[in-house]
Amino acid sequence: MNKDILVCGVGGQGTVLASKLIASAAMNLGNTVHSAETIGMAQRGGSVTSHIRIGEQAYSPMIPHGSADVLLAFEPAEAVRNLAYLKQDGIVIVNSVPVKPVTESLHDTGYDGSDMLTYLQKKCQCIMVDAQKLCADFGSTRYFNVAILGVAIGAGRLGLDAETVLNEIEARVPAKFAETNKAAFLAGVKIGETTLP
Amino acid sequence: MKKEYVMGNGAIALGALAAGINLVSGYPGTPSSEIIETISKYKQGTIHVEWSVNEKAAMEVAASASYSGARTLVTMKQVGLNVASDPLMSLAYVGVKGGMVIVSADDPGPISSQTEQDTRMFASFCRIPVFDPSSPEEAFTMIQDAFDYSEKYHTPVLFRPTTRVCHAYASVEISETTSPRQYEGFIKDSGKWVIFPRLSFANHAMIEKRNPQIGKDFSTYAGNTVEGSGNKAVFTGGISYAYAKEYLKDYPDVKLCKISTPYPFPEDFALKCLEGVDEVLCFEELSPFLESELLKLAGTHNLPIRIYGKITGHITTSGENSADYAAQVLHTFLGHSAPHSGMDSSDAPTLPMRPPVLCAGCPHRASFYAVKKAMEGQKSYFCGDIGCYTLGNAMPLDMVDTCLCMGAGITMAQGFHWTDPESACFAFVGDSTFFASGMTGVVNAIYNEADMVLCVLDNSTTAMTGHQPHPGTGRNMMGHIVEKISIEKILEGMGVCKIVTVDPLDFAKSVHAVKECASQKGVKAIIFKSPCIAISKPDKQMQISDKCIQCKKCIREIGCPALITVDGKVAIDPGLCTGCGLCSQICPVNAIGGDTHE
Ligand code: SF4
Ligand code: SF4
């Protein structure tokens, strides 16, 4: 399998867990995997990305522009910021809930994500998920990273099956959160299976 | 054997363990910090692991261990090598016995550094070999080779990954068990281990004779490779090789030459690569190192070859390369049609900026704000330093006038005093930075009678690089609980005339302390003591009551990211607020309250 997957969002949204789950699930299926993550100062409320490259033919640790099969975006503006990485026929799976910049209260830009979503719909194949709604049943929005991952799996875009990812969640998430994570993930899978871009 | 999916830094660590290291020392610095952390996690048997007080100390600890025959690893970021350059320059003359490899991680971009310096240049300046890995997998095997070469030629060896190699993840295969080397112990021989002008003279001659031999040896090194054929060649190395390969994987009609050992330059290997070649593009980051070597080679051998790169303006002189940049320059060089590029999003709506800021509840914000308020209306200089607190420069705090290098704030405050004696000169330094390179600056101020206020922002950790312990934390990398070294006592011992320790989250007391110190002559110190909230993770929150008059003073003054506006009204984001209470002490109508800081 050859696949380039870009996970992007804002520091603190759980992009790292999502990318770890994808990478280890792909490895368990016998694939060669490389990945690269934003580390350091940029993490604090800044834009973060994880590049996951599945397959033998990946040399650059970061995905070249125009090669990502899937853009898993945890935030609308972050999806747009990374759009150059997307393949012409690639797909964006995006959480429609915006994260205002931490400096927004100082310099009001009126950012609310809606322009970004309209733009995405105009530009590319796109599945939008309101992660807040999706996670309402689980008592906290902190599970939305696995929920969005579930949507991508359900939509059949990552080349990974739900079962393998569930096993990874089991293995990587602390026991007391594992059940809720799995439930949120499956809720996402269901949406992915039934939503057309 | 087992497979581990690790970061490049992890691969370097596992490679060093496989090489049987006995000792590792270093100082934290992005992108190198995870090497030592990984070693301490995976080590088996007796290996001494330490975060040294700074890079110079790390280099010297490792040097003598290596004199004893032990295999040693030293880690730092590229600017750390500047700090360690004093021992390294001399060590290059003296040489080593046990293999000694110095990892100096370069940071093209720069992404989290002050400079875009090139460790390959440092190697050629020191006259010692350097290895340049292109991927985590290669770093794993190459660092083991580096130890062998170090022992073979009795020289310290540099190893320079760059950020994108350090932070890339890949699988490496490691054996279940590793064990440190047996070593002979130190054998006294003052003619060998004591550097004197005569020894330096003799060894300098020896080194200049030896290096071309190492270059010959490197010409058959497995890490130096050539792929493809044709009359055009691309010379590259490190991560730039990966970018070039990404583009050239579909084009076998060009020679792709990877130089993994840039110094001493493998001339024979390069000459062979150049056979039948008319044009060369040097694709590298930072300095035009390969390009200069090839130009020399072409000159001394009268080769009719055109060599392009940074010197000729074909490659950008600053910043990092990428797969996209490789495609862009390579297609031009090879006369290909333009490569397929990504989706054009130039017509996108304006993207929100997300600059790095101090965390919500960060005690540094309170410290800066106290000094700012206390000094309002008085001419003051605020000298910053390297650490999270450099972010105190951002609006609305705007409290960092200068930042140069580790520890410089303390000495620079003195320079401002001597050029403007009537104003108040402040230096802000973190606890880890204070130990690393702040202490001598304080002695300098006292001895030379400067007037200044030292503000130690003591959050009990090395926060920016990922929370490493340091001499003030009472923990070390061997997992031992040790006596905390007290910054107060150090300053007292030096003779600082006034030392006040305050909790920065107590605004009134902090302002008072600053005013008191600023009005007095001599060297004064305020230790703002409060733990880093990323570690202490307080589970507290503040709320805004309906007393709020919407003046927005809280937002305007301190810029805490937890202070937000919802539908135009001031609110506190419960997910971010740590209940530090700073805002509640600023609000003119006491509208903010709740679970306050004690
Ligand atoms: S108490 Fe105020 S200043 Fe402190 S973290 Fe909460 S909102 Fe920010
Ligand atoms: S400073 Fe007090 S009154 Fe003014 S906006 Fe903030 S909470 Fe409201």
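Taking only C-alpha pairs under 8 Å that are 6+ residues apart, what is the relative contact order of region B:225-334 in percent?
In percent, rounded to a whole number, it is 32.
Run the helix sum for chain B: -39,500 (n - 2.57) per DSSP H stretch of 4+ residues, divided by residue count, reported at 222 nm to the nearest 500 deg cm²/dmol.
-10500 deg cm²/dmol
Which residues in region B:475-494 place their backbone N less than 20 Å from a point set 7 Å from the Cα of B:ASN448 along the Cα-to-Cβ direction?
Only B:491, B:494 fall inside the zone, counting backbone N under 20 Å.
Can you find, among B:SER104, A:VAL165, A:ILE91, the residue sitting farthest towards the positive end of the charge dipole of the protein assembly as shown, where Lys and Arg contribute +1 and Asp and Glu -1 at Cβ?
The residue sitting most towards the positive pole is B:SER104.
Out of residues 5 or more away from B:VAL523 or on other chains, whose amide H comes under 5 Å of its own, with H placed 1.01 Å from N in the peptide plane?
Residues meeting the criterion, in which the H sits 1.01 Å from N, are B:MET452, B:CYS497.
Mind checking which lysines have their C-alpha under 26 Å from A:LYS87, skipping anything on the same chain fewer than 8 residues away?
A:LYS3, A:LYS20, A:LYS122, A:LYS123, A:LYS190, B:LYS245, B:LYS249
Return the value, in Å² to the nearest 100, of accessible area buried between chains B and A (probe 1.4 Å, both sides summed).
What B and A bury together is about 4200 Å².
What are the lysines whose alpha-carbon lies under 29 Å from the alpha-carbon of B:LYS56, with same-chain residues fewer than 8 places away excluded?
Those lysines meeting the cut-off are B:LYS41, B:LYS43, B:LYS77, B:LYS97, B:LYS152, B:LYS188, B:LYS192, B:LYS209, B:LYS484, B:LYS489, B:LYS524, B:LYS529.
Would you work out the relative contact order for region B:543-593, in percent, from Cα pairs under 8 angstrom that are 6 or more residues apart?
Taking the mean separation of contacting Cα pairs over the length of region B:543-593, I get 48 percent.
For labels at B:ASP347 and B:GLU4 in the simple 7 Å Cα→Cβ model, what's the distance in nm?
5.0
Note down the nm distance, to one decimal, between modelled labels 7 Å out along Cα→Cβ at B:ASN476 and at A:LYS190.
Here the answer is 5.7 nm between the modelled labels.
What do you get for GluC sites (Glu not before Pro) in region B:261-351 restricted to DSSP loop and a cutoff of at most 10 other Cβ within 10 Å of the site's Cβ?
Sites meeting the loop and neighbour criteria: B:GLU275.
What does the structure give for A:52-61 when I average, per residue, the other chain Cβ atoms found within 10 Å of the residue Cβ?
6
Report, ordered by chain and residue number, the aspartates and glutamates lying within cross-link reach of B:LYS569, taken as a straight Cα distance under 17 Å and ignoring same-chain residues fewer than 8 apart.
Leaving aside aspartates and glutamates fewer than 8 places away in the same chain, those within reach of B:LYS569 are A:GLU104, A:ASP108, A:ASP112, B:ASP546, B:GLU557.
With every protein chain left in place, what is the accessible area per residue of the protein assembly as shown in square angstrom, probe 1.4 Å?
40
Among bridges DSSP assigns within the protein assembly as shown, what percent are antiparallel (round to 5)? Present the calculation step by step, with values, prior to reporting the outcome.
On the way: 34 of 102 bridges.
The antiparallel proportion sits near 35 percent.
Considering only protein heavy atoms and a probe of 1.4 Å, how much of the accessible area of the protein assembly as shown is carbon and sulfur, as a whole percent?
Reported share for carbon and sulfur atoms: 53 percent.
Take each complete run of DSSP H in chain A, measure how far its Cα atoms stretch along the helix's own axis, and keep only those covering 24 Å or more with mean Kyte-Doolittle hydropathy at least -1.0; list them.
A:175-194
Would you mind computing, in nm to one decimal, how far apart the modelled labels at B:ASP250 and B:HIS512 are, each placed 7 Å from Cα along Cα→Cβ?
Calculated label separation equals 7.2 nm.
For B:PHE196 and B:LYS489, what is the calculated FRET efficiency with R₀ set at 30 Å and r taken between the beta-carbons, to the nearest 0.05?
Approximately 0.20, to the nearest 0.05.
Which value, in debye to the nearest 20, describes the size of the charge dipole of region B:66-170 about its Cα centre when Lys and Arg Cβ atoms bear +1, Asp and Glu Cβ atoms bear -1, and nothing else is charged?
On the way: 8 positive and 11 negative charges, 54 e Å.
For this selection, approximately 260 debye.
To the nearest 20 Debye, how big is the dipole of the protein assembly as shown about its Cα centre, given +1 on the beta carbon of each Lys and Arg and -1 on that of each Asp and Glu?
Dipole magnitude for the protein assembly as shown comes out near 980 debye.
Farthest toward the dipole's positive end in region B:363-529, which of B:GLY438, B:MET494, B:PRO363, given Cβ charges of +1 (Lys, Arg) and -1 (Asp, Glu) about the Cα centre?
B:PRO363
Just checking the output field for B:131-138: average partner chain Cβ neighbours within 10 Å of each residue's Cβ?
Mean partner shielding for this stretch: 1.
So how much slack lies between B:HIS154 and B:ILE311, counting 0.36 nm per residue of separation and subtracting their Cα-Cα distance, in nm?
So the extension gain works out to 53.1 nm.
Using the charge dipole of chain B (Lys, Arg: +1 at Cβ; Asp, Glu: -1 at Cβ; taken about the Cα centre), state which of B:PRO288, B:GLY228, B:GLY579 has its Cα farthest towards the positive end.
Going by the Cα projections, it comes out as B:GLY579.
What is the magnitude of the charge dipole of region A:3-194 about its Cα centre, with +1 placed on the Cβ of each Lys and Arg, -1 on the Cβ of each Asp and Glu, and no other charges, expressed in debye to the nearest 20?
Dipole magnitude for region A:3-194 comes out near 140 debye.
Name the residues whose placed amide hydrogens come within less than 5 Å of the amide hydrogen of A:GLU75, ignoring near sequence neighbours (fewer than 5 apart) on the same chain.
A:ASN95
Which whole-number percentage describes the relative contact order of chain B, with Cα contacts under 8 Å and a sequence gap of 6 or more?
RCO, chain B: 11 percent.
How about region B:406-507: which GluC sites (Glu not before Pro) there are in a DSSP loop, with at most 12 other Cβ atoms within 10 Å of their Cβ? Walk me through the numbers on the way to the answer.
Numbers: sites: B:GLU422, B:GLU449, B:GLU483, B:GLU488, B:GLU492; in loops: B:GLU422, B:GLU449, B:GLU483.
Those that pass, being in a loop and sparsely packed, are B:GLU422, B:GLU449, B:GLU483.
Can you list the residues of region A:105-119 that have at least 30 square angstrom less accessible area with all protein chains present than in their chain by itself, probe 1.4 Å?
A:SER105, A:LEU106, A:MET116, A:TYR119
The values are calculated or read from the model by the stated rules, or taken from the named source; none is laboratory data. All values reported here derive from a predicted model rather than from experimental measurement. Glycine also receives a Cβ, built like all others from the backbone with ideal geometry; neighbour counts cover every protein chain displayed. In case anyone asks, the SASA skips ligands and DNA or RNA and just uses the protein heavy atoms, side chains included. Shrake-Rupley method; radii C 1.70, N 1.55, O 1.52, S 1.80 Å.
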